[in-house]
Amino acid sequence: MKKLILKPGREKSLKRKHPWVFSGAVARIEGDPQTGDTIEVRSADGEFLAVAAYSPHSQIRARVWDWKERAIDHAFFNERIKRSVEQRRTLIDVDAADAARLIYGESDGLPGIIADRYGDTVVMQLTSAGGERWRDEISESLQQATGATSVWERSDAEVRQLEGLPPRTGLLRGTAPAEPLRVSEHGLSFEVGLESGHKTGFYLDQRDNRLKVRALAAGRDALDCFCYSGGFALNMLKGGAKSVAAIDSSADALAQAQRNAELNKLPQAEWMEADVFQALRRFRDQRRDFDLIVLDPPKFAPTVSYVEKAARAYKDINLLAFKLLRPGGVLVTFSCSGGVSAELFQKIVAGAALDAGVDARIEHWLHAAPDHPVALNFPEGEYLKGLICRVGALG
Ligand code: SAH
């Protein structure tokens with residue numbers, strides 16, 4: 001068996017079942033494993049710790065498949081994928097949406113493997129050398145576990161470069177799905193672009209938060225910042241908002257959002273192609289105000305090294321949004337930056353309210369939908385955090 005031997009004392013995080021081996025912890029490699037090969041991880045005294053996938057080009061030199069000695073083969077992927085897919089049936093209301101995350105990487109014991117269902121199509125994303133090595137087996141198991149008519153690959157995430165893997169997209173199994181795909185979520189339909197959509201096509205993690213925003217919208221003048229294909233804006237319209245303005249810098253995203261509004265026979269929002277940082281300043285100068293604002297920006301801090309810059313950006317948009325809210329108005333604000341903790345995000349938003357000169361209270365703490373579970377041994381799986389804040393002085 002090919003082996004990775006750790007430096008003395010470097011087995012602690014593996015003993016706590018954290019599934020990554022960083023390059024700095026490695027003493028030596030035995031047996032000449034190739035990219036993606038299965039290796040045993042052993043402590044400096046030779047104690048067996050895990051079976052893992054080897055990734056010679058990545059800082060994360062190995063990702064754990066299992067904590068006991070076992071073969072990693074097609075049967076392994078069948079078992080894990082079936083378990084993960086079945087768990088979704090109890091985790092989420094499968095009647096409420098036909099789009100869901102089926103496999104969420106490390107949280108499901110499948111490091112670097114993401115799979116999302118969009119109706120009869122499963123979109124798979126591999127971001128690790130180990131996932132890449134088992135592409136065929138994984139896609140076959142996925143089709144078997146779900147009965148999907150197609151399995152499509154969207155392995156074009158930037159993180160693949162860190163593993164030395166080229167981008168790959170296209171059909172893996174079954175028949176090519178008719179584009180665009182159409183999914184439903186809490187009674188609304190959305191088109192999902194398989195080739196061009198962000199992530200695997202849609203932001204599934206916001207499913208339940210969109211419903212919360214729908215419930216806040218009746219009779220309100222609402223603003224959806226970073227609207228992408230209209231996830232929040234359509235829910236504002238569905239919830240009976242008096243008016244909805246929605247901003248994104250991408251003309252393609254806005255065109256998709258407009259088509260999604262048509263698809264649902266909803267009135268159109270005021271779709272605005274603009275930079276949110278500038279648009280909010282323009283609203284401030286025009287004295288245009290709102291009762292409900294959603295801020296769902298892209299990842300400003302993918303890792304902790306970007307935190308300071310990201311904190312300034314979050315502070316900026318939250319401060320401006322607070323200023324644009326009428327008394328009693330509601331700010332629904334998110335960060336999907338893995339590098340910004342929930343605690344830090346709350347501090348940033350508190351600082352923004354203070355500098356905007358508003359009193360605000362948190363009414364809800366928001367997270368990713370439950371089909372994005374967080375394994376307790378892998379806290380890195382938690383990335384999306386949000387707050388619902390109401391402004392206005394007490395009494
Ligand atoms: N709220 C959306 C997801 C938002 S994703 C949903 O529920 O589906 C982030 C979006 O921000 C992307 O569509 C991207 O085009 C847009 N974006 C990124 N930077 C921007 C900027 N500075 N101004 C406006 N939009 C921006």
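Hey, among Ala301, Ala279, Ala261, which residue is within 15 Å of the ligand (Cβ to nearest atom), of a type in the set (Gly, Ala, Ser), at pLDDT below 95 and crowded, with 16+ Cβ neighbours inside 10 Å?
Within the list Ala301, Ala279, Ala261, the selection yields Ala301.
Is it the case that some residue within region 231-241 is within 23 Å of Arg154 (Cα to Cα), surrounded by fewer than 22 Cβ atoms within 10 Å (Cβ to Cβ), out of contact with any Gly (no Cβ under 6 Å at 6 or more places or on another chain) and of a type in the set (Gly, Ala, Ser)?
No - not one qualifying residue is present in region 231-241.
Give region 23-82 a look and list any residue that's among the aromatic types (Phe, Trp, Tyr) and part of a strand (DSSP E or B), or say none. Even if it seems obvious, please write down each step before you answer.
First pass over region 23-82, keeping only residues among the aromatic types (Phe, Trp, Tyr): 48, 54, 65, 67, 76-77.
The answer is Phe48, Tyr54, Trp65.
Check region 354-374 and report whether any residue there is assigned to a strand (DSSP E or B), farther than 30 Å from Arg287 by Cα and not aromatic (Phe, Trp, Tyr). Lay out the reasoning, then the answer.
Filtering region 354-374 for residues assigned to a strand (DSSP E or B) gives 360-367.
Right, trim to farther than 30 Å from Arg287 by Cα and you get 367.
From what's left, not aromatic (Phe, Trp, Tyr): 367.
Checked against the condition, which is being assigned to a strand (DSSP E or B), farther than 30 Å from Arg287 by Cα and not aromatic (Phe, Trp, Tyr), region 354-374 yields at least one hit.
Report, by residue number, each residue of region 95-126 that is assigned to a loop (DSSP other than H, G, I, E, B), within 23 Å of Ser189 (Cα to Cα) and in contact (Cβ under 8 Å) with a residue 12 or more places away in the chain.
Ala96, Asp98, Gly119, Asp120
Any idea which of Val307, Val332, Val340 is touching a residue at least 12 places away in the same chain (Cβ under 8 Å) and closer than 22 Å to Gly230 by Cβ?
Val332 is the lone residue from the list that is touching a residue at least 12 places away in the same chain (Cβ under 8 Å) and closer than 22 Å to Gly230 by Cβ.
Consider only pairs whose beta carbons are under 9 Å apart and that are at least six residues apart or on different chains; among these, list those whose first residue lies in region 48-75 and is more than 16 Å from Gly24 (Cα to Cα) and whose second residue is among the aromatic types (Phe, Trp, Tyr) and assigned to a loop (DSSP other than H, G, I, E, B).
Final answer for the pair search is Leu49/Trp67; Ala50/Trp67; Val51/Trp67; Ala53/Trp134; Ile72/Trp134; Asp73/Trp134; His74/Trp134.
Would you call Arg168 within 21 Å of His198 (Cα to Cα), of a type outside the set (Asp, Glu) and in contact with a helix residue (DSSP H, G or I) (Cβ under 8 Å, 6 or more places away or on another chain)?
Working: within 21 Å of His198 (Cα to Cα): yes; of a type outside the set (Asp, Glu): yes; in contact with a helix residue (DSSP H, G or I) (Cβ under 8 Å, 6 or more places away or on another chain): no.
Against the criterion (within 21 Å of His198 (Cα to Cα), of a type outside the set (Asp, Glu) and in contact with a helix residue (DSSP H, G or I) (Cβ under 8 Å, 6 or more places away or on another chain)), Arg168 does not qualify.
Just the residues that are among the aromatic types (Phe, Trp, Tyr) and within 9 Å of the ligand (Cβ to nearest atom), please, taken from region 264-276.
Residues satisfying the conditions do not exist here.
So, of the residues in region 245-258 that are among the small types (Gly, Ala, Ser), more than 20 Å from the chain's Cα centre (by Cα) and assigned to a helix (DSSP H, G or I), which turns out to be nearest to the ligand (Cβ to nearest atom)?
Of all residues in region 245-258, those among the small types (Gly, Ala, Ser) come to 245-246, 249-251, 253, 255, 257.
Next cut, more than 20 Å from the chain's Cα centre (by Cα) only: 245-246, 251, 255.
Cutting the leftovers down to assigned to a helix (DSSP H, G or I) gives us 251, 255.
Working: Ala251: 9, Ala255: 12 Å.
Across region 245-258, the extreme among qualifying residues is Ala251.
Among what's in region 195-209 and is surrounded by fewer than 24 Cβ atoms within 10 Å (Cβ to Cβ) and more than 12 Å from Ala369 (Cβ to Cβ), pick the residue that is nearest to the ligand (Cβ to nearest atom).
Taking the candidates together, the pick is His198.
Looking only at region 210-244, which residues are polar (S, T, N, Q) and near the ligand (Cβ under 8 Å from one of its atoms)?
Hit for region 210-244 is Ser229, nothing else.
May I ask you to list the residues in region 132-156 that are in contact (Cβ under 8 Å) with a residue 40 or more places away in the chain and either of a type outside the set (D, E, K, R) or surrounded by 20 or more Cβ atoms within 10 Å (Cβ to Cβ) (or both)?
Glu132, Arg133, Trp134, Ile138, Ser141, Leu142, Gln144, Ala145, Thr146, Trp152, Arg154
The values are calculated or read from the model by the stated rules, or taken from the named source; none is laboratory data. Keep in mind that this is a model prediction, so the values were computed, not measured. With ideal geometry, Cβ positions are generated from the backbone for all residues, glycine too; neighbour counts draw on all protein chains shown.
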